[in-house]
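Where a number appears in this text, it was derived from the coordinates with a stated rule and is not lab data. The structure displayed is predicted, hence computed values, not measured ones. Please note: Cβ atoms are built from the backbone with ideal geometry, for glycine as well, and neighbour counts cover all protein chains shown.
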Amino acid sequence: MTSLAKDIAPSTGGQPMVKAEAVHKSFGLSHVLKGIDLEVNPREVFCLVGPSGSGKSTFLRCINHLEKINAGRLYVDGRLVGYRQQGDKLYELKEKEVSAQRRDIGMVFQRFNLFPHMTALENVMEAPIQVKRETKAVARERAQQLLDRVGLGDRIGHYPAQLSGGQQQRVAIARALAMQPKLMLFDEPTSALDPELVGEVLDVMRDLAADGMTMIVVTHEMGFAREVGDSLVFMDDGVVVESGHPREVLMNPQHERTKSFLSKVL
Amino acid sequence: MTEISDRIPPPAPSVPPEQIKAIPVRHYGRWVAGVVIIGLLVLIGIAFSNAKINYGVIPDYLFDPGIVTGAWTTLYISVLAMLLGVVLGIVIAVMRLSSNPVTSTVAWVYIWFFRGTPVLVQLLLWYNIALVFPILNLGFYKDEMNQVMTPVLTALLGLGLNEAAYMSEIVRAGIQSVDEGQTEASHALGMTQGKTLRRVVLPQAMRVIIPPTGNEFINMLKTSSLAYAVQLPELIKKATDISSTSLAVVEMYFVACIWYLFLTTIFSIVQYYIERRYARGSSRSLPPTPLQRMRKYLRMFGSFRRPEVAR
Ligand SMILES: Nc1ncnc2c1ncn2[C@@H]1O[C@H](COP(=O)(O)OP(=O)(O)O)[C@@H](O)[C@H]1O
Ligand SMILES: [Mg+2]
């Protein structure tokens, strides 16, 4: 079988794929991220767990600049996200430059967010045609391959409303992969699914991990984290409470907050 | 406590799976209402036929060349004004939703002015624009304003700019009806604001935008009659011109009404098909069009007969 992500763009050097240094984010008066420091290495599956409202989604959204950070530094593949540094001054990137940065980062949402007016195939072809200016034929062929890979080769003409949640999420993964990203962000990709559909999405993610994709996964699926994850961070109230190898953290949590959270989800 | 075995119901008597043949509920009220309405219609019909209206001339004037060109003018000025209204309306809606306070204020003031004053006054203002700008100078083009402002251009600007104010509110509601997750997904794929708007947001907003836009267009067909005040030779102006020589005043208005009804009917049908097109993906399957439904009935009819033929 050919791999899901056979053309993962090589990282530009030996540096981490994502590096966060004291990242802060506030919405008005509410301080959501209170100094996040972490590193995600290339080809790593990095799990982010924590109670609802702890700032996991916000952090993911900062990584592809859907949110602007208020303080600290955030690097993806060695480049500052959303800004350009010259001397000690930061310049905001223009819209085009921000869009160009986002191309290399795929994102999968809890609620799929497929384009409902396009078929599965059109959903996957859209960004390569519009953003990368690929020809229709090339985009179609890749989209067809990707949909085959996620097991939906026979559903390419279906609209999202005609697909189950699990199928929609697999199309959404194919859509993100069509841009050949070097980093994939998953924000609770299975939380909106019926229990019997969770497995098919996790299977696709497992394949992707096996192909060497760098992935940051926000999830409550501790089984997946333990089995596939290379590292795990427990976040609470905007700070990193504990981190380490998933098995370590899940079997032998050091902090009270981690213990009480895990006792609820395991 | 009752024993569990007590609560197991006895096996239900098996019902033979045959079609239910029940006597339908009778709707006597519908019959009564129908009879009353028909009675009223007959009375109104008698009143109209006894009026001093010469119905005989209506067919004579229905295809009078003047009337036909008037109807054509009504149609094309409505289409053009509507196009201007839709395009400008989208621009103003986007400006209104912009985070830039200058653009959103400009849009707000535009809507405030053009919605807040009568169309007739706006038409007359364009008609008299030469009082404000006697000379039109675009750098590459210079002429007297009175030469530039033909009745068609006057009507187009008057009706179109007014329509843009209404359309912008419809478009804004449409854009806001699209889930924010759509914009996010599009941005996350590296699409710019403009691409996101064109490829993702507007096509989905269409479902909310089109039904009221159809209404706006049908309104426009009729509102365009106000352009007779700026000398546009549209349907009402033509009908009035003919009635002043033929003395068939009310009859000519009847002729005009028949044309308006014809045009609005045609566009109601067009609207149905456009709405259907933009319903793609919003439901699991599209309802059949009236034509498809008719074909299906014909086919059913055919398949009922075929066995007889085979026999
Ligand atoms: N756009 C926003 N405006 C205001 N508050 C927000 C916004 N997005 C998130 N928040 C707040 O930030 C906090 C963290 O949210 P989120 O990152 O979604 O948490 P998680 O994904 O861990 O459940 C929550 O209290 C939420 O209400
Ligand atoms: Mg979240």
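What Kirkwood hydrodynamic radius do you get for the range A:38-112 when you take the inverse of the mean 1/r over all pairs of distinct Cα atoms, in Å? Could you put the intermediate results ahead of the total?
On the way: mean 1/r = 0.0722 Å⁻¹.
Final number for the Kirkwood radius of the range A:38-112 is 13.9 Å.
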Query raised in the report: Karplus couplings for the range A:27-41 from phi (6.51 cos²θ - 1.76 cosθ + 1.60, θ = phi - 60°), rounded to Hz, Gly and Pro as x?
Result: 10, x, 8, 8, 8, 8, 10, 10, x, 9, 10, 6, 9, 10, 8
Requested in this report: Could you tell me, in Å, what Rg and Dmax come out for the Cα atoms of the range A:8-133?
Outcome: 15.9, 48
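Please compute the alpha carbon radius of gyration of the range B:136-236, then divide it by the globular-protein estimate 2.2 N^0.38 Å. Two decimals is fine. All intermediate terms of the calculation are to be shown ahead of the outcome.
Numbers: Rg = 19.1 Å, N = 101, 2.2 N^0.38 = 12.7 Å.
Against the compact-globule rule of thumb, the ratio is 1.51.
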Query - Size of charge dipole - the range B:65-172 - debye, nearest 20, with Cβ of Lys, Arg +1 and Asp, Glu -1, no other charges - result: 220 debye
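First obtain the Kirkwood hydrodynamic radius of the range B:11-98 from its Cα pairs, then insert it into the Stokes-Einstein equation at 4 °C and 1.567 mPa s, and state the resulting D in µm² per second as a whole number.
On the way: Rh = 20.8 Å.
Value of D from the Cα-based Kirkwood radius: 62 µm²/s.
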Query raised in the report: Stokes-Einstein at 20 °C, 1.002 mPa s, Kirkwood radius from Cα pairs: D for the range A:188-266 in µm² s⁻¹?
Result: 160 µm²/s
Query raised in the report: How long are the semi-axes of the ellipsoid equivalent to the range A:56-186, from square roots of 5 times the Cα gyration tensor eigenvalues, in whole Å, largest first?
Result: 31, 16, 11
Report task. State log₁₀ I(q)/I(0) for chain B at q = 0.07, 0.08, 0.11, 0.15 Å⁻¹ as given by the Debye formula over alpha-carbon point scatterers of equal weight, solvent excluded. Result -> -0.52, -0.64, -0.97, -1.27
Query raised in the report: Considering the protein assembly as shown, what Rg and Dmax in Å follow from its alpha-carbon atoms?
Result: 33.0, 101
Query raised in the report: Which of B:Ile38, B:Ile170, B:Ile258 moves the most in a Gaussian network model of chain B with Cα springs under 10 Å?
Result: B:Ile38
Report task. Working from Cα positions, state the angle (0 to 90°, nearest 10) between the long axis of helix B:249-278 and the longest principal axis of chain B. Result -> 60 degrees
Query raised in the report: Semi-axes of the range B:1-160's equivalent ellipsoid from the Cα gyration tensor, sqrt of 5 times each eigenvalue, largest first, rounded to whole Å?
Result: 61, 37, 16
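Taking the convex hull of the Cα atoms, report for chain A its projected area averaged over all directions, in nm².
Values: hull surface 59.7 nm².
Answer in nm², one decimal: 14.9.
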Requested in this report: Can you check what the net charge comes to around B:Val68, using other residues whose Cβ is under 14 Å from the Cβ of B:Val68 (Lys, Arg +1; Asp, Glu -1)?
Outcome: -2
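Would you tally the net charge around A:Val76, using a Cβ to Cβ cut-off of less than 9 Å, leaving A:Val76 out, and scoring K and R as +1, D and E as -1?
Details: positive: A:Lys19, A:Arg79, A:Lys182; negative: A:Asp77, A:Asp104.
That sum, taken over residues with Cβ under 9 Å, equals +1.
Is there a quick way to get the dipole size of the protein assembly as shown? I mean about its Cα centre, with the Cβ of Lys and Arg at +1 and of Asp and Glu at -1; what is the value in debye to the nearest 20? Mind showing how you got there, number by number?
Working: 60 positive and 52 negative charges, 262 e Å.
Using only the charged Cβ atoms, the result is roughly 1260 debye.
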Query raised in the report: If you put +1 on each Lys and Arg Cβ and -1 on each Asp and Glu Cβ, how big is the dipole of the range A:94-214 around its Cα centre, in Debye rounded to 20?
Result: 580 debye
**Report entry** All-pairs Cα distance distribution in the range B:172-283, expressed in whole percent, bin size 10 Å
**Finding:** 13, 29, 22, 17, 13, 6, 1
Query - Of B:Glu144, B:Glu216, B:Glu234, the one that fluctuates the most in a GNM where chain B has Cα springs shorter than 10 Å - result: B:Glu144
Query raised in the report: For the range A:151-214, what log10 I(q)/I(0) values come out of the Debye formula at q = 0.23 1/Å, with one point per alpha carbon and no solvent?
Result: -1.07
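If a helix is a whole DSSP H run, which ones in chain A reach 24 Å or further along their own axis (Cα) and hold a mean Kyte-Doolittle hydropathy of at least 1.6?
None clear 24 Å together with a mean of 1.6.
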Query raised in the report: For the range B:201-242, how big is the tail of P(r) above 14 Å, as a whole percent of Cα pairs?
Result: 59 percent
Report summary line: Per principal axis, largest first, the Cα atoms of the range B:70-136 extend in Å by 44, 29, 24
Query - Two-decimal Rg/Rh across the range A:117-266, once Rg and the Kirkwood Rh are taken from alpha-carbon atoms - result: 1.04
